[in-house]
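Comments concern the structure below.
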Amino acid sequence: MRIAYADPPYIGQARKHYSHDPRCAEVDHAMLIEQLRAFDGWALSLAVNMASLKQVVACAPMDARLAAWVKPFASFKPGVNPGYTWEEVLFKSARPNRRDVDTVRDHHSENITLRKGLAGAKPESFCLWVFDLIAAEAGDEFHDLFPGTGIVSEMWERRCRSRADLHEPATLFAQPGGAR
């Protein structure tokens, strides 16, 4: 199966966080969702604000779902109350309604990462949770559309190596450029 993960600059945030990198322009999320629909399973990290959510969910296919990454430790901004301590993940499972695996929760609790060189870098356990959400399996063709720090691709390779009982090689397609 072909699976993908996308963590583009959040709507309206590219210039603020990634102006040093010309590859990190604003992303047309409607076009990105169309691109993701070509995959069997996929996940898209989103910003937590109503304008972004309305824009992205309006383009989402009916079989997509929302999950939440809850951040017990998060960066608080002066004058922003309540603080942003969770993030949506829009996803479509490559293998929906499986009964032969443990049920995956539609939320994950993990602290943000610090000092990874890029705003929004994801923690390792977040990556593994996303793979479970989209029902990714070793042998799937994995596409990291916005590789950034490379942690998602690294965790995919580690996960596939740890599943030594499957003899199919992991296939990884990290796109050049990208925000995270």
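Every number here is computed from the coordinates shown, using simple stated rules; none is lab data. Model, not experiment: these values are computed from the prediction. Note: ideal-geometry Cβ built from the backbone for every residue, glycine included; neighbour counts use all protein chains shown.
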Hz values of 3J(HN,Hα) by residue in the range 63-72 - Karplus curve (6.51, -1.76, 1.60), Gly and Pro given as x: 8, 7, 10, 10, 10, 10, 9, 9, 10, x
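For the peptides 32-44, 56-68, what is the packing order when you average, over each peptide's residues, the other Cβ atoms within 10 Å and list the highest mean first?
Details: 32-44: 19.6, 56-68: 14.4.
Sorting 32-44, 56-68 by mean packing, highest first, produces 32-44, 56-68.
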Which three lengths, in whole Å and largest first, does the range 90-144 cover when its Cα atoms are put on their principal axes? 39, 25, 18
Report ³J(HN,Hα) in whole Hz for each residue of the range 145-152, in order, from the Karplus equation J = 6.51 cos²θ - 1.76 cosθ + 1.60 where θ = phi - 60°; Gly and Pro get x. 6, 9, x, x, 6, x, 5, 5
Just rank ILE3, ILE151, fewest to most, by other beta-carbon atoms within 10 angstrom. ILE151, ILE3
Going by C-beta contacts inside 10 Å, put TYR5, TYR84, TYR10 in order with the fewest on the left. TYR84, TYR10, TYR5
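Give the order of THR85, THR103, THR149 when sorted by the count of other beta carbons within 10 angstrom, beginning with the fewest. Before the final figure, lay out each step's value.
Values: THR85 15, THR103 8, THR149 18.
Least crowded to most crowded, the residues run THR103, THR85, THR149.
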